[in-house]
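Below: the structure, in structure tokens.
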Amino acid sequence: DVKVTQSSRYLVKRTGEKVFLECVQDMDHENMFWYRQDPGLGLRLIYFSYDVKMKEKGDIPEGYSVSREKKERFSLILESASTNQTSMYLCASSLRSGLRDTQYFGPGTRLTVL
Amino acid sequence: DQQVKQNSPSLSVQEGRISILNCDYTNSMFDYFLWYKKYPAEGPTFLISISSIKDKNEDGRFTVFLNKSAKHLSLHIVPSQPGDSAVYFCAAPYSGNTGKLIFGQGTTLQVKP
């Protein structure tokens, strides 16, 4: 059974704090993704990684960075959290065998920045 | 530029009736489309897909129709069940073989018993 896990389901942080969101997949997938979901905006891609130590900016990378030191783990970092980063964060993974590969999602982290 | 659009934020139908969720796209280079379903407090899960060489793909109660000339696709659920109540996202792969997807805004479906 495929599995993508995220370190926290709910997180409350203060403005200016450094925030780490962790994602682990056990499917040996090459691709990993970080999205945020906001009402009326759907899922927007923040960052994408297609291999260890490789990353690519998505549509809304400002204020975020990522780290992928191991194939199974992809971390999203908010260097200095702001209230407009309050959102649902979703991690996903997929094989890199072709563009039609299904993405598998974790359960999400609801982040509130006060 | 929103290349994949779901213009109806919500839809409410009676149990047993048909649910039709719509999606429009602007990029004529898109050749594959996916629908994902998301329950509250869970991640999206893949539901059904369609290639642009087809105009219809069916999987049980779920059918996706593609109208390339109109750049429009729709997801039909027949018959609708209360357990289908969720947010539905349509998506298309970015150009190039990257594995990245562009998602629509989502439509919240409520199926009333």
So residue B:8 clears everything in (1) surrounded by 14 or more Cβ atoms within 10 Å (Cβ to Cβ); (2) touching a residue at least 60 places away in the same chain (Cβ under 8 Å); (3) within 23 Å of residue A:31 (Cβ to Cβ) except one condition, right? Which one? (3)
Identify the residue in the range A:47-92 that is aromatic (Phe, Trp, Tyr) and touching a residue at least 40 places away in the same chain (Cβ under 8 Å) and, among all such residues, is nearest to residue B:93 (Cα to Cα). A:50
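Checking the conditions here, which among A:114, A:45, A:41 is among the hydrophobic types (A, V, I, L, M, F, W, C), within 11 Å of chain B (Cβ to nearest Cβ) and over 13 Å from the mean Cα position of the chain (by Cα)?
Of A:114, A:45, A:41, the one residue that is among the hydrophobic types (A, V, I, L, M, F, W, C), within 11 Å of chain B (Cβ to nearest Cβ) and over 13 Å from the mean Cα position of the chain (by Cα) is A:41.
Matching residues to (1) over 20 Å from residue B:101 (Cβ atoms); (2) at the interface with chain B (Cβ under 10 Å from one of its Cβ atoms):
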| position | (1), (2) |
| --- | --- |
| A:10 | yes, yes |
| A:18 | yes, no |
| A:29 | no, yes |
| A:70 | yes, no |
Of B:46, B:103, the only residue that is within 15 Å of the chain's Cα centre (by Cα), crowded, with 18+ Cβ neighbours inside 10 Å and closer than 22 Å to residue A:44 by Cα is B:103
Could you please let me know if residue B:11 is touching a strand residue (DSSP E or B) at 6+ places or on another chain (Cβ under 8 Å), aliphatic (A, V, I, L, M) and within 21 Å of residue A:45 (Cβ to Cβ)? no
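None of the figures in this text is laboratory data; all of them are computed from the coordinates on show. Quick caveat, the model's predicted, so the values are computed rather than measured. Here Cβ is always computed from backbone atoms with ideal geometry, including for glycine, and neighbour counts include all displayed protein chains.
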